[in-house]
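Enquirer: I have a structure here, written as structure tokens, and I will follow up with some questions on it.
The values are calculated or read from the model by the stated rules, or taken from the named source; none is laboratory data. The structure displayed is predicted, hence computed values, not measured ones. Ideal geometry is used to build each Cβ from the backbone, glycine not excepted, and the neighbour counts take in all protein chains shown.
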Amino acid sequence: MLNFARQNEWIIKNPFTLTKGVILKAAEIERDRILSFDEESRLLAVCIDKRAHLKAILICALDTAVRPGEIFKMRWQDVNLETNEIYIPQANTKTEDARTVGVTPRLKQELERLWEISPMDENQLVFGITDTIKTAWKTLVDWRILIISVFTIVVTLRQRE
């Protein structure tokens, strides 16, 4: 963008042409932490009361490796409990490639429970999240139960395969 601005003489100089990069490779931390089964159990066990809505979201992330943004955009029309599949539309993916992921028995149980308490409208969001889970997630971290990220959950599934 800045090179384009320079070419069109909107700016005198691109300030980044003299740098070697904004982020140093040495400063990047490799993230390969995975949850143990004990940590996973403890994490799910504290998803009660005002954090109960996190349980189904975490199970979906753990069992499918679907990205958080894809989980929050998931609609009931994309969930097929007869074939045990979730369709992730192209518009909802980071890579802009549609894909289908499998549903595990425990995820199916959570999805069936959510469907029963939902308005049963296929256009509705599966998890009903229209804003953020940051507050609920922060309480888990503040409790010092587990200090992990959603990225860790996705890495966990991929490492276990």
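Enquirer: For the stretch 79-101, indicate whether the set of residues that are in contact with a strand residue (DSSP E or B) (Cβ under 6 Å, 6 or more places away or on another chain), in a helix (DSSP H, G or I) and either closer than 23 Å to residue 37 by Cβ or modelled with pLDDT of 95 or more (or both) is non-empty.
Expert: Scanning the stretch 79-101, I find no residue that is in contact with a strand residue (DSSP E or B) (Cβ under 6 Å, 6 or more places away or on another chain), in a helix (DSSP H, G or I) and either closer than 23 Å to residue 37 by Cβ or modelled with pLDDT of 95 or more (or both), so the answer is no.
Enquirer: Would you mind finding the one in 62, 107, 111 that is at pLDDT 95 or above, surrounded by 14 or more Cβ atoms within 10 Å (Cβ to Cβ) and within 16 Å of the chain's Cα centre (by Cα)? Lay out the reasoning, then the answer.
Expert: Details: 62 fails: at pLDDT 95 or above; 111 fails: within 16 Å of the chain's Cα centre (by Cα).
From the options 62, 107, 111, the qualifying one is 107.
Enquirer: Can I ask one more? Could you please let me know if residue 139 is more than 26 Å from residue 39 (Cα to Cα) and either at pLDDT below 95 or surrounded by 13 or more Cβ atoms within 10 Å (Cβ to Cβ) (or both)?
Expert: no
Enquirer: Moving to a separate point now. Does residue 52 meet the test of being within 23 Å of residue 39 (Cβ to Cβ) and surrounded by fewer than 16 Cβ atoms within 10 Å (Cβ to Cβ)?
Expert: Details: within 23 Å of residue 39 (Cβ to Cβ): yes; surrounded by fewer than 16 Cβ atoms within 10 Å (Cβ to Cβ): yes.
Yes, satisfied.
Enquirer: Name the residue, out of 84, 80, 123, that is surrounded by 12 or more Cβ atoms within 10 Å (Cβ to Cβ) and touching a helix residue (DSSP H, G or I) at 6+ places or on another chain (Cβ under 8 Å). Talk me through it step by step, then tell me what you get.
Expert: On the way: 80 fails: touching a helix residue (DSSP H, G or I) at 6+ places or on another chain (Cβ under 8 Å); 123 fails: surrounded by 12 or more Cβ atoms within 10 Å (Cβ to Cβ).
Criteria check complete, one pass: 84.
Enquirer: Now, a different point. Quick check: is even one residue across the stretch 41-54 of a type in the set (S, T, N, Q) and modelled with pLDDT of 90 or more? Give the steps one after another, and end with the answer.
Expert: Taking the stretch 41-54 and keeping what is of a type in the set (S, T, N, Q), we get 41.
From what's left, modelled with pLDDT of 90 or more: none.
No: zero hits.
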